[in-house]
Each structure stands twice: as C-alpha cells, then as structure tokens.
C-alpha cells in the first residue's frame, strides 16, 4: 500500500513539474475582428499659390516674322519736292533692300536694322538772268534704317508697338547745282521714316496676331478648369482652381521678348478625379502685379497599411514584453488596418502567466498622431478593442490592469520620413513636365514637403501634405507654324 501511495505521489510530482514547465493552456483569445468605422474625411482646402506664366519670343523668331513682313520690298516715291537754295527741284526716289536685316531685343526695345540702297532721279530748273537752266541728276547712296519699337500690352492683353525711326547714311546722295554740293539725305530720310513707321503698324498687327496673347490666355484659363490626370497607377489628378491672372509689363532684354504673368490659383493633387467646377471666363482686365510669390501645393499622399505593418514588425518582432505580475509575452505578425480616423492593430501573442500559457490574437486601436519635428507617427488614445476587452476579462483579466498596451504603444512608432521623401521624389518626377493643352506646359520645382495632418482611412493612411516650391507655365514654340 505504501508503495502504491509513493508511486502516486511521484506521478503527481512529475505531472506538476510538467505542467510548470509546459504551462497549462487556457482558452485561446480569439475575439472577432473589429469593424472599422466609415470614413468621414474632408480634405483640407489648399492655400493660394502663384504659378509663373511666360510666353517668350526670341530674336530669331522675330527676325523671321519681320523678314516675312518686309520681304524684298521696294520703297518708291515720285515727283517729291526737294528744298534747294536755288531754283526748284523735284525727284523720284527708290529704295531697295541691300542686305539681311537684323533684329535686336534689349533694354525694353525691339531694334530692327535694315540696310538699304538709295537711287533717285532729280529734276532741277532755275531762273537766272532771264534764262531757265535745267538738268537731271541721279544721285545714289547707301544707308541703314533703324526702327525702334517699344512694345507694350493693353490691360486686356492686346500688343502694341510704339515706333520711332532713324536713318544713318553710309554714303549720302548729293546734288551739284551751279557749283554747289547739296546733300539730299534729310529729304530721303523723312520719306523713309514715314514708309517704315507705316510698316511697323503691320508688324504690330502681325506680331499680335501671331502671339495671340489674349486668345492664348483665354484658352489656358479655360483649360485649367479641367482636371489633368498625372498618373493612372497610382491614380493622381492635378486640380487647378484659377482665381486671378496678373500680366506684367512686357520684358524685353537679353535677346528675348517675354510676356510674364502670375496665375493666382488653388492647387491640389488628388487621388481621384475632382468634381467639375463652374467655368468662369478670364476677366477682361488682366494687367497688374501679383500680390504673392511661390507655390503652395496641397497634396494628399497615401501610405499603405502594408508599409505600416512592416514598420510595426520591425519594432515588435521577437521582443518579449513584461507586462508585470510575473507574466512574459511575445508579439508577432502585427497587421494594421484603418477606417473612420482610427488605426487598428491585430497582434498574435504567446506567453506565460505563472503556471499557465496564453496565446491568441489581440485587437487594439488608436488615433494616429504626427510628430512634425521628428517625422514619426505615434498613436494616442491607444486601447483594446471592445471584443478584445471582453475576451481578456474572461481569460486574462490581469492584462486589463497591466501595462501591456502601454508597452505595445511605445513600440508602435512609425518613422515615415523616408517614405514621404520617396513620395516627394516620385511626385516631383510626375509634376516635372505636365502638358496643359494649347502648347502650354506646367514645370514644377518642388522644394519642401510639409506634412500637416494624417487620417486613417479604409484604403490607407491619408497624409495631408503641402509641398512648397515654384511652378511655371511656359508656352512651347509660341509662334508655331506661323513663321513658316
């Protein structure tokens, strides 16, 4: 009998040791997954941005256009009176092109230099001592006619050229009258000044017609009110809400004539096609200096929950957490999801509490909080999901009073700086050159990315960001086929 009792005691001791070593399994903690709240997300209204706008014409562009207008013209005038000190003189003038014209753009002026050859037939008749001598001479010369055109834009965008003309004789034509030499360059100069000034009116009309400044700006204003798809994967749309266009005085310098303007607008990059806006026509008055500078681009970036899950894995995987009270727990396979502004975390846990073993899945939730200085995402109001709380109350109530969730929250820190930098680079590449229609192209230079807020939505973590920098709209090939 004693041997039987002794054998039973030994078996019980061995069993107790095994239970102490292996742990006594409790009911698994497998609560139902939480149902995320529906999203209620209002995008932040973008601030005002100023987008630079320029239409540039080069000296060569203008030379081709003016060459086409002036052509190989012959300037002629017949029977023009000539002021001479003795007798009367009248002449027929002819001026022909004598070489290629040149165009120079500098110091606010379009300067056109036109080399010319002058020929004439001058008829003179006098009255001396009852005699009426007469002769015909054919003086000739060479000159350069220079037209100085001062371009300006009306308040509505119409181009005007205010001309002045000067003549420089290389070889002045002269008359010989009764032994006197008389220059007739001034007479020919007045004739040429009138002829070339008249031609500048046609050049003005042609240049305004070719640049189509007002028409192009009208078209651009209309096109900007239509969203532009930047990318299909991921879906990105550029939304431009124009508010005012400020056209500055024309800039003529360093070989370029430039129409410069500032487009005051609200800019956003959206993940879905924005709703259409009510079309507004370009205001009739567009002259003036813009009141602000720079680009303030509203951008909702999307960070997938797979990225956050991978970051959580780095912070939690393989670590033992001591929640107190003699317990030891390990966490693995963190999975994150979101919705309605809350971030949900599912964690597989295993561990021991005294003589018992605990395993299962916990669901916790919190509100994402962005730390701008350190560029990290943390969670506030972090707590168990309601169903996890019910399960813990049943199988491991000691976790409810412990520090487990606080220790988990300490490890759920997401350094998103590098991810946002990657998205900035990707966005900069996308916005580097965006066609807007009618030959206009948006060129953006992105500088600082400022993250303003975060929101846990069903499809990912929405990051409300502003990218500051500069943006320019340029017109490629402003004269187009009109020069051909």
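The values are calculated or read from the model by the stated rules, or taken from the named source; none is laboratory data. Owing to the predicted nature of the structure, the values given are computational and were not obtained by experimental measurement. Because the Cβ atoms are built from the backbone with ideal geometry, glycine has one as well, and the counts that use them run over all protein chains shown.
One residue stands out in the stretch 276-305 among those that are exposed (fewer than 14 other Cβ atoms within 10 Å of the Cβ) and within 17 Å of the chain's Cα centre (by Cα): the one that is farthest from residue 430 (Cα to Cα), namely 292. Scanning the stretch 449-481 for residues that are loosely packed, with under 15 Cβ neighbours inside 10 Å and modelled with pLDDT under 80 yields 450, 452, 476, 477, 480, 481. Comparison of 318, 325 shows that the only residue that is modelled with pLDDT under 80, loosely packed, with under 12 Cβ neighbours inside 10 Å and in contact with a strand residue (DSSP E or B) (Cβ under 9 Å, 6 or more places away or on another chain) is 318. Please find, within the stretch 420-443, the residue that is farthest from residue 232 (Cα to Cα) out of those that are touching a residue at least 40 places away in the same chain (Cβ under 8 Å) and assigned to a helix (DSSP H, G or I). Only one residue tops the list, namely 420.
Scanning the stretch 362-379 for residues that are at pLDDT 90 or above and over 36 Å from the mean Cα position of the chain (by Cα) yields a total of 4.
Is it the case that residue 348 is exposed (fewer than 12 other Cβ atoms within 10 Å of the Cβ), more than 29 Å from residue 469 (Cα to Cα) and modelled with pLDDT of 85 or more? Judged against the criteria, residue 348 is not a match. When 410, 452 are checked against the criterion of being more than 31 Å from the chain's Cα centre (by Cα) and over 30 Å from residue 218 (Cβ atoms), a single residue qualifies: 410.
For the stretch 416-436, the count of residues that are farther than 30 Å from residue 329 by Cβ and touching a helix residue (DSSP H, G or I) at 6+ places or on another chain (Cβ under 8 Å) is nonzero.
For residue 109, indicate whether it is within 36 Å of the chain's Cα centre (by Cα), touching a residue at least 12 places away in the same chain (Cβ under 8 Å), surrounded by 15 or more Cβ atoms within 10 Å (Cβ to Cβ) and under 30 Å from residue 64 (Cα atoms). Outline the logic, then answer.
Values: within 36 Å of the chain's Cα centre (by Cα): yes; touching a residue at least 12 places away in the same chain (Cβ under 8 Å): yes; surrounded by 15 or more Cβ atoms within 10 Å (Cβ to Cβ): yes; under 30 Å from residue 64 (Cα atoms): yes.
Taking the combined requirement at face value, the residue satisfies it.
Name every residue in the stretch 382-415 that is surrounded by fewer than 18 Cβ atoms within 10 Å (Cβ to Cβ) and touching a helix residue (DSSP H, G or I) at 6+ places or on another chain (Cβ under 6 Å), in order of residue number. Hits for the stretch 382-415 are 400, 411.
Look at residue 200 and say whether it is surrounded by fewer than 14 Cβ atoms within 10 Å (Cβ to Cβ) and out of contact with any helix residue (DSSP H, G or I) (no Cβ under 6 Å at 6 or more places or on another chain). No.
Consider the stretch 126-145 and keep the residues that are at pLDDT below 90 and assigned to a strand (DSSP E or B). The one that is nearest to residue 214 (Cα to Cα) is 145. The number of residues in the stretch 375-395 that are in contact with a strand residue (DSSP E or B) (Cβ under 8 Å, 6 or more places away or on another chain) and in contact (Cβ under 8 Å) with a residue 24 or more places away in the chain comes to 12. None of 90, 78, 123, 74 is surrounded by fewer than 14 Cβ atoms within 10 Å (Cβ to Cβ), without any contact (Cβ under 8 Å) to a residue 40 or more places away in the chain, in contact with a strand residue (DSSP E or B) (Cβ under 7 Å, 6 or more places away or on another chain) and farther than 20 Å from residue 142 by Cβ except 78. Output the strands (runs of 3 or more DSSP E) that fall wholly within the stretch 210-326 and possess 1 or more residues being closer than 26 Å to residue 417 by Cα, or say none. Ranges flagged: 228-232, 235-247, 256-270, 295-303. In the stretch 166-175, the condition of being crowded, with 16+ Cβ neighbours inside 10 Å, touching a strand residue (DSSP E or B) at 6+ places or on another chain (Cβ under 6 Å), in contact (Cβ under 8 Å) with a residue 12 or more places away in the chain and within 30 Å of residue 253 (Cα to Cα) is met by at least one residue.
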